[in-house]
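We did not get these values from a lab; they are worked out from the coordinates using the rules stated. Remember, it's a predicted structure, so these values are computed and weren't measured experimentally. Cβ placement follows ideal geometry from the backbone for every residue including glycine, while neighbour counts extend to all protein chains displayed.
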Amino acid sequence: EELAREQAFEARIDAGDFIEAKDWMPEHYRKTLVRQISQHAHSEIVGMLPEGNWITRAPTLKRKAILLAKVQDEGGHGLYLYAAAETLGTSRDEMTAALLSGKAKYSSIFNYPTLTWADIGVIGWLVDGAAIMNQVPLCRCSYAPYARAMIRVCREESFHQRQGYESLLVMMQKGTAQQKAMVQDAVNRWWWPALMMFGPADKDSPNSEQSIRWGIKRVTNDQLRQKFVDATIPQAEILGVTVPDPDLKWNAERESYDFGAIDWAEFWRVVGGEGPCNRERLAARNKAWDDGAWVRDAAMAHAKKQATKAQA
Ligand code: ACO
């Protein structure tokens, strides 16, 4: 009977069907989704920190309002994603515990520091740009609750990307020489980490083959990275910045850019907890959790009181 269910599931996937929370699914499919969705949720929540660092120092009221809204959106994305993961039978508490103990992964990119205001624009342009490239295909993920969450997330990410690019355009077109240099410096620091966001090369990606077969991922890590480079270089030209890659070259035959080798040793170091800000990020999340204990306790006490009243 188990085999028949498995075959029926595979047939649904092959037919392009979407899977809902209550449908039967193989344990490995469920585990893969919990892994990916919870990592994605953690990335949104940890991703609030590097940008949150600049809210009090945004240069104008307008930029501050935009940044506040954006960081708040990331918090919202984290919540939808935790909720999507919960439909697979994992509790929010379990996922939170895994993040706070350092056991869970989250995107490597958020372990780099935001040193200047230009970093905020570059995060919008490159980091959110890479996130959109990776996430638009996830709107067609075979697991429907995740796919539905991604539709709204992608709309908001698109606003994030544009606000970042626009703020850089202002600095490059109206800024002082020093401000322009600041933008170029930020691009130099974020370019390679942004390319690493797409994950290891396909040949070194243990999860890709099965995830593609199940329609969890629709496009491979290397394909997405290439699409990102091809879409981003013309934007860099309009902006008037260069990317720190001497091997970058248009390949007329492939109609794509060739680009230099990624430093995978750096990538695995950061994923393994040894990036420039890993410790700082985990400490900030743990502090927020501890500082929020009284709010959780109060909410629980209130809920209990309401329930007792309702019974009486
Ligand atoms: N940072 C940290 N870990 C990574 C990264 C990265 N940039 N890329 C890959 N990894 C991890 C994987 O999680 C996996 O570890 P695990 O098996 O312990 O879970 C391991 O490296 C090998 O990678 P893959 O086999 O390629 O893993 P996978 O098929 O899950 O692909 C990817 C990785 C592309 C990140 C995929 O999980 C995905 O698309 N996730 C959803 C999007 C997302 O999480 N975005 C977060 C950043 S964007 C943002 O939040 C604004």
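Observations, loosely collected:
- Between the range 154-198 and the range 274-288, the C-alpha centres lie 24 angstrom from each other.
- Amide H within-cut-off set for residue 256, under 5 Å, with H built and near neighbours excluded: 251
- Spin-label pair residue 203/residue 17, simplified geometry with 7 Å Cα→Cβ offset, distance in nm: 3.8 nm
- Our note on the geometry: Cα centres of the range 79-129 and the range 21-36, 21 Å apart.
- Less than 5 angstrom separates the built amide H of residue 143 from those of 19, all sequence-distant by 5 or more or on a different chain.
- Sparsely packed loop sites in the range 193-262 (the trypsin sites (Lys or Arg not before Pro) outside DSSP H, G, I, E and B with at most 12 other Cβ atoms within 10 Å) comprise 254.
- Extension gain (nm, one decimal) between residue 155 and residue 223, 0.36 nm per residue minus Cα-Cα: 22.3 nm
- Cα Rg, Dmax (largest Cα-Cα span) when computed across the chain, Å: 21.1, 77
- With θ taken as phi - 60° and the Karplus curve 6.51 cos²θ - 1.76 cosθ + 1.60 applied, the whole-hertz 3J(HN,Hα) list for the range 63-78 is 5, 5, 5, 5, 5, 4, 5, 5, 5, 5, 4, 4, x, x, 4, x Hz, x standing for glycine and proline.
- For the range 61-201, the alpha carbon positions stretch 54, 33, 28 Å along the principal axes, listed from largest to smallest.
- The order of 6, 255, going from fewest to most other C-beta atoms within 10 Å of their C-beta, is 255, 6.
- Mean residue ellipticity at 222 nm, helices only, the chain: -21000 deg cm²/dmol; runs of at least 4 DSSP H residues each add -39,500 (n - 2.57), and the sum is divided by the number of residues.
- If R0 equals 22 Å, the separation of the Cβ atoms of residue 176 and residue 231 corresponds to a calculated FRET efficiency of about 0.15.
- The chain, dipole about Cα centre (Lys/Arg Cβ +1, Asp/Glu Cβ -1), debye to the nearest 20: 1200 debye
- Legend: calculated FRET efficiency, residue 166 to residue 7, from the Cβ-Cβ distance at R0 = 51 Å, rounded to 0.05, equals 0.50.
- The dipole here belongs to the range 131-189: it is taken about the Cα centre, uses +1 on the Cβ of Lys and Arg and -1 on the Cβ of Asp and Glu, and is about 140 debye.
- Under 12 Å, Cβ to Cβ, from residue 256 - net charge with Lys/Arg +1 and Asp/Glu -1: -1
- For the range 68-164, trypsin sites (Lys or Arg not before Pro) meeting the loop criterion (DSSP other than H, G, I, E, B) and having at most 10 other Cβ atoms within 10 Å: 103.
- Length gained on full extension, residue 65 to residue 98, computed as 0.36 nm times the residue gap minus the Cα-Cα distance: 8.6 nm.
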